[in-house]
Every structure is written in C-alpha cells, then in structure tokens.
Amino acid sequence: MFRRAAAAIGEAEAIIITAGAGMGVDSGLPDFRGDQGFWRAYPPYARLGLSFEEAANPEHFHRDPAFGWGFYGHRTTLYRATVPHEGFALMRGWIERNRAASFVVTSNVDGQFQKGGYPEERILEVHGSIHWLQCTIPCSRRIWANTGEIPVNPETMRARAIPRCIACNAVSRPNILMFGDDAWLSERTAEQERRFDRFREESRGRRTVVIELGAGRALPTIRRLSERLGALPGTTVIRINPREAEIDAPHLSIPCGALEALRRIGACL
C-alpha cells in the first residue's frame, strides 16, 4: 500500500492535503476523540463532567468569559509552542520535487500548516483559526490577529486576562466556528474557500492526489470533501487514519498514524 501511495504521489501534478485532528497528534497535540480523550487532556473538565462540545460553546464568552477563555487561552498557548512534526516537511518536499500545484484544507484551528512552511494563500481553514479574534457581540465584521498573552490557571481552567474587542472593548473570542455558533464571522474562511475554488478550476485535468490525514467520522467535513474530490477523474485519495481508514477502491487506505505513514511513503519515494 505504501508503494502504491508513493507511485501515485510521484506522478501527481496537483497535491491536495486534507487534514483533521489526527494530523497534530504526532506533534504532541491532544486527541479529543471521545470524552475520555478530551478529559485526559483537560482533567478539570472531567471533574465538571463537561464534554468537548460543551467546553467549545460560544455561550461561555457571554456568561463567564474567564471560563470561555480558560479553554481557548490554554489552547492558544499550546499551539504557539507546538513544533510541527516531520510529516509536514515531507509533504512539502514532495510538492516541491514534483513542482506540483498544491492546497491544504484542514478542520484544525491550530495554524500548524502555516508554521510548517505552507503558504497562507494556499490554506483553507474550514472552522477558522485560533490565531484570529473577533468581537463576541459582534459589533462589526472586523477580525484581528490574536497576539496577546492569555494566562490560564491550570487547576481551574479560568483565564487570568480577558482579550477585548479592539473596536468596542466588549469581550472578544477566537474567530472559530464553535458548537451551536450563530455569531462566527466567516469572511476570512469564505475568502480561503474562493481561493480553493480557483485552485480546483486551474487544476482541472491534472493528475491529482488527495492526501487525507487523521480525519475521523465524528465530524466528517474533511472526509466528505476528500470523497467528493476523489469522485473527479484522474484523482486518487490516500486516506491515512489509525482507526477509520476505510475508503472504496480505487482509492488507498492506510491504517496508521500520520507521521508513520508519511515516513513509510517517503521511504518508497
């Protein structure tokens, strides 16, 4: 299977990377799969009996901003400190070697692809990014870079500082699509989507490989996109997932973690 994946990548004229949360596990980022995975990463929420969906709720920024920013402030600090694993560089090397057109589509909000050297204009973050802020109200359609420090008490998961809107001084929040969210400002992601649509139009007719990494069924946005892309002529999907790798032929299924799979494909290349 690794040789078949390497052969497809070696001939690719366009490479689309589609990535879910499993892509970050090899960089040391927590796996939020199921309540147990979330609670292992954040024991204070286990004591409160809160699930990931309940913690990632925009209502906290209205009702208890210190609690809302406890979760997202901690994640901001974590993502800033995380170094992308070797797999990011491996795929970037394949793109450069092939002189292939490329794009990244990810449900992750961590900014790891930008850190890993992928150009900003070739990334679609379908759920937004923790590195951008917006007003909680919102008072306008404006978003701005998240550059401040957000200290968090790890015992209570409450923020010691609350970021504020740069226009009206109300509480701000990450520019992320949360659960039950009707206030997310989607313009940045919509512009990324327009660039991806143009990329797909320009890449029509090229031999295309979709490398899907760590995208599970719980939130299947990325899996469904990969499958839609895989229905196009001349496109091969390589689905890499340690638990949910199944995909119909002629596409390729690799049941292991992202970094291991990329290293083994790279060895065949």
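One residue stands out in region 1-46 among those that are aromatic (Phe, Trp, Tyr) and within 21 Å of the chain's Cα centre (by Cα): the one that is nearest to Arg97 (Cα to Cα), namely Phe32. Which of the residues that make up region 116-150 are exposed (fewer than 14 other Cβ atoms within 10 Å of the Cβ) and of a type in the set (Gly, Ala, Ser)? Scanning region 116-150 gives Gly117, Ser140, Ala145, Gly148.
Any residue in region 133-142 that is touching a helix residue (DSSP H, G or I) at 6+ places or on another chain (Cβ under 7 Å) and either over 30 Å from Ala6 (Cα atoms) or modelled with pLDDT under 95 (or both)? There is at least one residue in region 133-142 that is touching a helix residue (DSSP H, G or I) at 6+ places or on another chain (Cβ under 7 Å) and either over 30 Å from Ala6 (Cα atoms) or modelled with pLDDT under 95 (or both). Only one entry in Leu185, Leu177, Leu225 is over 20 Å from Glu11 (Cβ atoms), touching a residue at least 12 places away in the same chain (Cβ under 8 Å) and in contact with a Lys or Arg (Cβ under 6 Å, 6 or more places away or on another chain), namely Leu185. Scanning region 10-53 for residues that are of a type in the set (Asp, Glu), modelled with pLDDT of 90 or more and not in a helix (DSSP H, G or I) returns Glu11, Glu13.
Report yes if some residue within region 235-243 is at pLDDT below 95 and farther than 19 Å from Met91 by Cβ; otherwise report no. Yes, region 235-243 has at least one match. When you scan region 54-138 for strands (runs of 3 or more DSSP E) that lie fully inside it, which ones turn up with 1 or more residues that are at positive phi? Per the criteria, 128-135.
The condition of being more than 22 Å from Pro174 (Cα to Cα), of a type outside the set (Gly, Ala, Ser) and touching a residue at least 60 places away in the same chain (Cβ under 8 Å) holds for only one of Phe103, Phe113, Phe61, that being Phe103. Hey, among the residues in region 1-43 that are over 19 Å from Leu90 (Cβ atoms) and among the basic types (Lys, Arg), which one's surrounded by the most Cβ atoms within 10 Å (Cβ to Cβ)? Per the stated criteria, the residue is Arg33. Of all residue pairs spaced 6 or more apart or on separate chains, those with beta-carbon atoms under 8 Å, a first member in region 253-264 that is closer than 16 Å to Ile17 by Cβ and a second member that is crowded, with 17+ Cβ neighbours inside 10 Å and of a type in the set (Asp, Glu) are Gly257/Asp26; Ala258/Asp26; Leu259/Asp26. Taking region 44-66, which residues are surrounded by fewer than 20 Cβ atoms within 10 Å (Cβ to Cβ) and touching a strand residue (DSSP E or B) at 6+ places or on another chain (Cβ under 6 Å)? Hit for region 44-66 is Ala66, nothing else. Cβ separations smaller than 7 Å between residues 6+ apart or across chains give the following pairs from region 130-146 residues that are more than 13 Å from Arg164 (Cα to Cα) to residues that are among the small types (Gly, Ala, Ser) and in a strand (DSSP E or B): His131/Ala145.
The values are calculated or read from the model by the stated rules, or taken from the named source; none is laboratory data. Computed from a prediction, not measured in an experiment: that's the story for all the values here. Please note: Cβ atoms are built from the backbone with ideal geometry, for glycine as well, and neighbour counts cover all protein chains shown.
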